[in-house]
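The next block holds one structure in the form of structure tokens; read it before the comments.
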Amino acid sequence: MMEFREIDRSNYWDCISLTVDDSQKWFVADNKRSLVEAAYEDGLYTLGVYHEDTMVGFILYDFDDTIPGCF
């Protein structure tokens with residue numbers, strides 16, 4: 001079962017520790033940078049993607065009222 005959880009003090013290190021295959025590095029931003037951006041820019045949100053109790057992914061998104069939708 002997959003579950004989304006907020007990134008907070010209890011799991012941010014798990015998020016930072018996530019890696020992708022070398023062939024995918026050009027497709028995603030560094031998680032450390034994304035967490036900093038979300039902390040200091042309004043309208044950015046973070047979620048950890050969990051399988052059971054293990055973080056297996058990370059999402060940084062915002063909501064755009066003009067489209068509307070999340071990106």
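A few remarks follow.
- Scope the range 20-45; condition among the β-branched types (Val, Ile, Thr) and modelled with pLDDT of 95 or more; matching residues: 36
- For residue 23: the one exception among (1) surrounded by 15 or more Cβ atoms within 10 Å (Cβ to Cβ); (2) without any contact (Cβ under 8 Å) to a residue 12 or more places away in the chain: (1)
- Every pair of residues 6+ apart whose Cβ atoms lie under 7 Å, when the first sits in the range 27-39 and is open to solvent by less than 80 Å² (accessible area, probe 1.4 Å) while the second is of a type in the set (A, V, I, L, M): 31/16; 31/18; 34/60; 35/7; 37/44; 38/44; 38/60
So that you can scan it fast, the table gives a plain yes or no per residue for (1) open to solvent by less than 90 Å² (accessible area, probe 1.4 Å); (2) modelled with pLDDT of 95 or more:
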site	(1), (2)
2	no, no
6	no, yes
47	yes, yes
64	yes, no
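- Residue within the range 30-43 that is in a loop (DSSP other than H, G, I, E, B) and within 10 Å of the chain's Cα centre (by Cα) present: yes
The values are calculated or read from the model by the stated rules, or taken from the named source; none is laboratory data. If you're wondering where the values come from, they're calculated on a predicted model, not measured in any experiment. Quick reminder, even Gly has a Cβ in these numbers, built from the backbone with ideal geometry, and neighbours come from all protein chains shown. For the accessible areas, the whole protein counts, side chains as well, though only heavy atoms, and no ligand, DNA or RNA atoms are used. Shrake-Rupley method; radii C 1.70, N 1.55, O 1.52, S 1.80 Å.
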